[in-house]
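Here the structure is laid out as structure tokens; the discussion comes afterwards.
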Amino acid sequence: MAATSVFHRGRIGSKIGAQYDQEGNLIQFETREDEEQSVKLAEILELLLAAGYVRARIKGLGPLDKVVGGMTWCITTCNFDIDVDLLFQNSTCK
């Protein structure tokens, strides 16, 4: 039996690897993009750029990476200690 890696199942041209269920079937999920989300994202990225976070200009980064990276950069750049508990729930896992 040949050993196969489950970590090399990415789609060609995709920035994120495909997700598969336990049987190996491709998981289809729906994303929603509306005008309000695009406007808010543009405003957030504009604020991050004005603050000096230059990674917000990188075309290859997704919106989540830009916003979370910008928030992290802002927190580490300021000279205040912050005690925060963040809860992350992956909506694709049930």
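Just so you know, all these numbers are worked out from the coordinates, no wet-lab data involved. Only a predicted model underlies this, so the values are computations on that prediction, with no experimental measurement involved. Reconstructed Cβ throughout: ideal geometry from the backbone, glycine too, with neighbour counts over all protein chains shown.
Taking the Cβ of LEU48 as the centre, find all other residues whose Cβ is under 14 Å away and add up their charges (Lys, Arg: +1; Asp, Glu: -1). All intermediate terms of the calculation are to be shown ahead of the outcome.
On the way: positive: LYS40, ARG55, ARG57, LYS66; negative: GLU43, GLU46, ASP65.
So the surrounding residues net to +1.
What full-extension length gain, to one decimal in nm, is calculated for LEU49 and THR72 as 0.36 nm per residue of separation minus the Cα-Cα distance?
Contour length minus the Cα-Cα distance gives 6.9 nm.
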